[in-house]
Amino acid sequence: MVFRDKQVVLGVTGGIAAYKAVEVLRLLVKAGAEVHVVMTRNAMEFVAPLTFQTLSGNPVHTELFSLVQERDIGHISLADRADLVLIAPATANVVGKAANGLADDLLTTTLLATKAPVLFVPAMNVNMWENPLYQENQARLEKHGYHFMTPVSGDLACGWEGQGKLPDPADIFDYAQDFIGSRDLAGRTILVTAGPTREEMDPVRFLSNHSSGKMGYAIARAARNRGARVILVSGPVQLSPPQKVDFVKVTTALEMLEAVLSRSSGADAIVKAAAVADYRPARREHLKVKKGDASEGSISLQRNPDILAELGKLKGDRVLIGFAAETNDLLVNAGKKLAEKNLDMIVANDVSMPGAGFDSDTNVVQFLHRNGQVEKLPEMSKSEVADLLVDRIVDLLAK
Ligand code: CTP
């Protein structure tokens, strides 16, 4: 667990999204972090400190000069101890103060005093977010090495619609790992494909499969958290693109082929988690096909290229990892794909097993290596599988 024994200062400022910081705290604590919450005066108008205190198991810090708090921890010692300072939500006000080196409360003082990485997660009204004064403040902090997540778009609490919402707590937690864990993929480029492809037969119908993209997205996040530049080529899924990855959206297998081949030469490793449709309708009708009089119908299909096999032919010393989605004869089928597509490793996935498969948050997989070694893993979350897979990429790149 990346956060085990790590000290995180969670700064909560006064925005309506402050309630979501409770969930961020819960995720950090669950992952083993020791969390010290610092709240601004305004934040306490939105959520009671007792909530954070109960969940963190630590007193919540609110005052710059408090006899009790100063004796226990002290603002400088909070800043010194931190492995990460995470401000969620970060108001325009705290960003503005930090950008100008102001330190008029405990949180801004901690920000100025710490040498730990600082991650701001801004949330505010869209007009404030777009205001050049805010943007200049953020840019100034970024220039000095402070980090920012990007707010997401949607309905804002102020009644406006637009960019300014706090990202999902799970995404914040996930992104925060980037600053804590090992950076053993720094300088590397990892290309990941995810999701299904969709092959249209007419303007209203298509062939596709059940892939949710969750596994591929988890791999993209895990590689990013380890310092890699990540290119994520994704078919149509219901997930938001992870922050700070180069995101390429495709629909069909042919588009995925083009997107992958045109970017493969710069990649140190390629992970093909996408469930590519093996066939597409031979013709894509421009008008909706009517059922007509026939009681039965058939569609003629045409083979799609095998993207992974194409990559295997151009492999060189690039690390190549595939997935094998199987319902039977798992190891035999996966082993065949490993050899035929010239892979370093294949993730064999029995999609018919409980706890495995397409839309699940967990997976049950086995890693098959080129040298015949098989690693049978227990049921685990897709992000745990992704972390292990990234460990293997690191090993393979070191060879
Ligand atoms: N793959 C690919 N292009 C295709 C089909 C598959 O790149 N046209 C990749 C997948 O991304 C995956 C691996 O090949 O990494 C295996 O995919 P899978 O669907 O399990 O197997 P197929 O090779 O398509 O074989 P089959 O459908 O016969 O099981």
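The values are calculated or read from the model by the stated rules, or taken from the named source; none is laboratory data. Note that the structure is predicted; figures quoted are calculated from it, not measured. Methodologically, a virtual Cβ is constructed for each residue, glycine included, from the backbone with ideal geometry; neighbour enumeration extends over all protein chains shown. The accessibility values were calculated without ligands, DNA or RNA, using every heavy atom of the protein model including side chains. Shrake-Rupley method; radii C 1.70, N 1.55, O 1.52, S 1.80 Å.
Among the helices (runs of 4 or more DSSP H) lying completely within region 26-110, list those that include at least 1 residues that are modelled with pLDDT of 95 or more.
Ranges flagged: 43-46, 49-56, 92-99.
Residue by residue, here is whether (1) polar (S, T, N, Q); (2) out of contact with any Phe, Trp or Tyr (no Cβ under 6 Å at 6 or more places or on another chain); (3) more than 19 Å from Arg205 (Cβ to Cβ) holds:
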{"site": "Leu232", "(1), (2), (3)": "no, no, yes"}
{"site": "Ala269", "(1), (2), (3)": "no, yes, yes"}
{"site": "Tyr279", "(1), (2), (3)": "no, yes, no"}
{"site": "Gly297", "(1), (2), (3)": "no, yes, no"}
{"site": "Arg318", "(1), (2), (3)": "no, yes, yes"}
{"site": "Asp329", "(1), (2), (3)": "no, yes, yes"}
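One residue is enough: does region 204-215 have a residue meeting the conditions in the same structural domain as Asp344 (by TED's automatic domain parsing), within 30 Å of Val394 (Cβ to Cβ), touching a Phe, Trp or Tyr at 6+ places or on another chain (Cβ under 6 Å) and within 15 Å of the ligand (Cβ to nearest atom)?
Within region 204-215, one or more residues are in the same structural domain as Asp344 (by TED's automatic domain parsing), within 30 Å of Val394 (Cβ to Cβ), touching a Phe, Trp or Tyr at 6+ places or on another chain (Cβ under 6 Å) and within 15 Å of the ligand (Cβ to nearest atom).
Looking at (1) within 14 Å of the ligand (Cβ to nearest atom); (2) touching a residue at least 12 places away in the same chain (Cβ under 8 Å); (3) surrounded by fewer than 22 Cβ atoms within 10 Å (Cβ to Cβ), which is the only condition Ala334 fails?
Result: Ala334 passes all but (3).
Take region 247-256 and flag every residue that is within 12 Å of the ligand (Cβ to nearest atom), more than 11 Å from Ala274 (Cβ to Cβ) and of a type outside the set (Val, Ile, Thr).
Leu254
Report the residue count in region 368-384 for those that are within 16 Å of the ligand (Cβ to nearest atom) and not in a loop (DSSP other than H, G, I, E, B).
Qualifying residue count for the region: 3.
Taking region 197-252, which residues are over 21 Å from Gly266 (Cα atoms), polar (S, T, N, Q) and open to solvent by 30 Å² or more (accessible area, probe 1.4 Å)?
Across region 197-252, the qualifying residues are Ser208, Asn209, Gln238, Ser240, Thr251, Thr252.
Which of the residues that make up region 305-328 are at pLDDT below 95 and either within 24 Å of Asp395 (Cα to Cα) or within 8 Å of the ligand (Cβ to nearest atom) (or both)?
Leu314, Lys315, Gly316, Asp317, Ala325, Glu326 - these are the residues of region 305-328 that are at pLDDT below 95 and either within 24 Å of Asp395 (Cα to Cα) or within 8 Å of the ligand (Cβ to nearest atom) (or both).
With respect to Val394, is the statement that it is of a type in the set (Val, Ile, Thr), open to solvent by less than 70 Å² (accessible area, probe 1.4 Å) and more than 19 Å from Gly213 (Cβ to Cβ) true?
Yes; evaluated as a whole, the condition is true for this residue.
Can you name the strands (runs of 3 or more DSSP E) wholly within region 191-249 that have at least 1 residues being closer than 26 Å to Val2 by Cβ?
Filter on region 191-249 gives 229-234, 246-249.
Within region 271-304, how many residues turn out to be near the ligand (Cβ under 9 Å from one of its atoms) and of a type in the set (Gly, Ala, Ser)?
4
Output the number of residues of region 337-346 satisfying the condition of being within 8 Å of the ligand (Cβ to nearest atom) and open to solvent by less than 30 Å² (accessible area, probe 1.4 Å).
Result for region 337-346: 1.
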